[in-house]
1. Take segment 37-56 and flag every residue that is open to solvent by 100 Å² or more (accessible area, probe 1.4 Å) and among the hydrophobic types (A, V, I, L, M, F, W, C).
2. Do you know which residues across segment 41-68 are closer than 18 Å to Tyr121 by Cβ and assigned to a strand (DSSP E or B)?
3. Residues of segment 28-67 being without any contact (Cβ under 8 Å) to a residue 24 or more places away in the chain and among the charged types (D, E, K, R), which ones?
4. Being in contact with a helix residue (DSSP H, G or I) (Cβ under 7 Å, 6 or more places away or on another chain) and of a type in the set (Ser, Thr, Tyr) narrows it down to one of Ser144, Ser139, so name that one.
5. Could you tell me which of the residues Lys226, Lys204 is under 19 Å from Pro267 (Cα atoms), open to solvent by 10 Å² or more (accessible area, probe 1.4 Å) and without any contact (Cβ under 8 Å) to a residue 40 or more places away in the chain?
6. Looking at segment 27-51, which of its residues are modelled with pLDDT under 90 and within 23 Å of the chain's Cα centre (by Cα)?
7. Which one is least open to solvent (accessible area, probe 1.4 Å), of the residues in segment 98-122 that are acidic (Asp, Glu) and over 17 Å from Met209 (Cα atoms)?
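The values are calculated or read from the model by the stated rules, or taken from the named source; none is laboratory data. Just so it is clear, the structure is predicted and the values come from calculations on it, not from any experiment. Don't worry about glycine lacking a Cβ; one is built from the backbone with ideal geometry, like all the others, and counts go over all protein chains shown. Accessible surface areas use protein heavy atoms only, side chains included; no ligands, DNA or RNA. Shrake-Rupley method; radii C 1.70, N 1.55, O 1.52, S 1.80 Å.
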Amino acid sequence: MAATADAPTCSSIDLAECKALLSDFRSKERTVPAMRFNAEKLQWELVDPAPQPDAVPNTNLDQISFVTFNVWFSNAFFEQRAEALFRIVDSLHPHFVCLQEVTPRFVALLREQEWVQRDYYCSDAIGTTVNPYGVLMLSRLPVSRFVLHTLPTNMGRKLLVAETMVNGELFRVSTVHLESLQNPLYRKAQLGLIYPILSRGGCKHSAVMGDFNFCSESTENPTNIKNDYLDMWPTVHGLSEEAIEEGKTRVDHRLDRILVRSPSFKPSSIRKLGTEPISDATPHVFPSDHFGLFATATRQQP
């Protein structure tokens, strides 16, 4: 959701108030077992969480790919929009698919997709963690566990983290839907918790993506994007007026981001998704009220 024009800027935030908000907040986390479709039994089944990340099979990759999409929980053209979105993601075959504003109704459609059943671990194929709505992740890579973290919020927002092994090292991929509207204090506090969670245990590789709910041109931007994370759109496309305009993902704002932190994987490509109407018969209807993003990060040789 886009912030209103008179939303407070970062310069108006009382940092002491932000620290007070965090000091009073006790984050809770719970392991969410991955789910995988059993083709013989024709049903989704829980995968026992690994005792530690390196207990799952390692995947050697020279390039890793991500999709993030706020799927919009509106009932308007719901099934038609979902089917269009599924076709887009299926055509890309990304390693990770991170979705926001997912509802149980959306999950019921997603879990029936042949490509999802065939290729992906799912953080929730039932819908219990996204009621009334929330974040969901698909992973082509073996996942030791998904972890759902509570955040300071008045809107039920949570961080979802997947842990996997890439090239022999722990890689954390996460998705979040930051607080909407005139809530810069909450967004700052949420990110203040997210970054340390992703670097726990000295983890060197992580990505966080989703609907950040503040524009890249907002004064919230410089203080909310940690220096060791690369914002993939400007890293790839630069900061020209054309690149800034092209990067906008909802109305007149670039709200949706993919940030990567890694000594070896660097942003190599990123483009928008869902920029065309779902059909000629409905020229005003798009897969979502946000554009999605598809990005790749390529391993740099030492």
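1. If the condition is that a residue be open to solvent by 100 Å² or more (accessible area, probe 1.4 Å) and among the hydrophobic types (A, V, I, L, M, F, W, C), then Leu42, Leu46 are the ones that fit.
2. Scanning segment 41-68 gives Gln43, Trp44, Glu45, Leu46, Thr59, Ile64, Ser65, Phe66, Val67, Thr68.
3. Let us first name the residues in segment 28-67 that are without any contact (Cβ under 8 Å) to a residue 24 or more places away in the chain, namely 38, 40-43, 45-46, 48, 51.
Once the filter is applied, which keeps residues that are without any contact (Cβ under 8 Å) to a residue 24 or more places away in the chain and among the charged types (D, E, K, R), segment 28-67 yields Glu40, Lys41, Glu45, Asp48.
4. On the way: Ser139 fails: in contact with a helix residue (DSSP H, G or I) (Cβ under 7 Å, 6 or more places away or on another chain).
Checking each option against the conditions leaves just Ser144.
5. Criteria check complete, one pass: Lys226.
6. Within segment 27-51, Ser27, Lys28, Pro49, Ala50 qualify.
7. Per the criteria, the residue is Asp119.
Residue-by-condition table, conditions (1) modelled with pLDDT under 95; (2) farther than 16 Å from Glu45 by Cα:
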{"residue": "Cys122", "(1), (2)": "no, no"}
{"residue": "Gly127", "(1), (2)": "no, no"}
{"residue": "Tyr133", "(1), (2)": "no, yes"}
{"residue": "Leu136", "(1), (2)": "no, yes"}
{"residue": "Pro142", "(1), (2)": "no, no"}
{"residue": "Arg145", "(1), (2)": "yes, no"}
{"residue": "Thr153", "(1), (2)": "yes, yes"}
{"residue": "Met165", "(1), (2)": "no, yes"}
